[in-house]
Amino acid sequence: MQTILGSNGQIGYELAKELYTNYTKELRLVSRNPKKINPTDQLVPADLMDYAQAKHAIEGSEIVYFTVGLPKDSELWETNFMQITKNVLKACEESQSKLVFFDNTYMYPKDSTPQIEGLAFSPKGRKAVVRSDMANLVLKEMAQNRLEAVICRAPEFYGPEKTQSITNTLFLNAIKANKPAKIPVNNHTLRTLIWTPDASRAMALIGNTPSAFGQTWHLPCDEPHTYLDMIAIAEELLNRPIKYKTIPLWQFKLVKPFSKEVRELDELLPRYAVDNLFISDKFKKAFPDFTITTLEEGLSQILNEANSK
């Protein structure tokens, strides 16, 4: 039995499809209101803030995938995320389940330092501190051999369907709707993005590779591109000019006092002023047969989604 915690999110959804197709038909999907993705999925509703419910959800699982997401709300993250993580770690230890922990890059320095697996954490911002604390807790359990686990880390998403990210919501969704695309802060800095189905496929592969455990892995990405690169690719795919507007940092700051959404976004914005270089060479070397979706292929699928509706 392999179990996905947070199965309703885009990563959990793609993960369930990949595991079912290539690894196991014995899947348990866990969220507050889980929805069936494959014909044989076992659904377990659970509030992971409650240890008894977390334990029940995880019992009997060989591998547990932590893909739990919360709305971008700093207070909610501070009150909920660490407790959820502690409950999941304890339940995995008690049931002797392996843990595949899906992580982001919030805790990394917000500068142009190339991001490799051994990069020291430098969390700035409330959500960054929470994600740093969560990752450190998993690392501690791994180091003390209390838990067989692996950390799978991904940079900013872009992807199909309901993928949530700055690039999807401000930039790609606008292009799909034939509206001017909004580019945060700087249009010529390099951005490393991960195609959400690639992140899920890679995580399934790592979770089912015993030798991968006890480590941190950067999930595989195409080469970094600028937003202007993405505009040019989209124009070629759509065969029309695309209007865009670059929103400078001062404009975000101006709106910040009046918008909770912008306040929650604020701690991430410095990363858009510089090159964001997420290095996944370790994965590419270990799994050379893994096919990475190119930016051109990803954008083609996203824009075709809009044309098919």
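A short reminder: the numbers here are calculations on the coordinates, not readings from a lab. Being a predicted model, the structure only gives us computed values, none of them experimental. Every residue, glycine among them, receives a Cβ derived from its backbone with ideal geometry; neighbour counts consider all protein chains shown.
Data table
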item	result
Low-density loop positions, trypsin sites (Lys or Arg not before Pro), the range 161-202 - DSSP coil, at most 15 other Cβ in 10 Å	K162
Full-stretch length increase - T40, L137 - with 0.36 nm per residue and alpha-carbon distance subtracted	31.6 nm
Proximal lysines to K35, defined as alpha-carbon separation beneath 22 angstrom and excluding residues fewer than eight positions away on the same chain	K17, K25, K55, K162
Whole-angstrom gap from the range 169-226 to the range 275-291, using each part's C-alpha centre	12
Estimated dipole of the range 76-123 in Debye, rounded to 20 [Cβ of Lys and Arg +1, of Asp and Glu -1, Cα centre]	80
Angle in degrees between helix 10-22 and the longest Cα principal axis of the chain, rounded to the nearest 10	60
Rounded, prolate or oblate (a/c below 1.5 giving rounded, otherwise prolate when a/b exceeds b/c) for the range 201-263 by Cα gyration tensor	oblate
Within the range 65-91, backbone nitrogen closer than 14 Å to the virtual label 7 Å beyond the Cα of Y51 toward Cβ	83-91
Most positive-pole-ward Cα, P155, S74, Y106, against dipole of the chain from beta carbon charges	S74
Qualifying GluC sites (Glu not before Pro) in the range 128-202, DSSP loop, other Cβ atoms within 10 Å at most 13	E161
Surrounding net charge for Q96, when Lys and Arg each add one and Asp and Glu each subtract one, Cβ distance under 15 Å	-2
In the range 50-126, GluC sites (Glu not before Pro) in a DSSP loop with at most 15 other beta-carbon atoms within 10 Å	E59, E62, E117
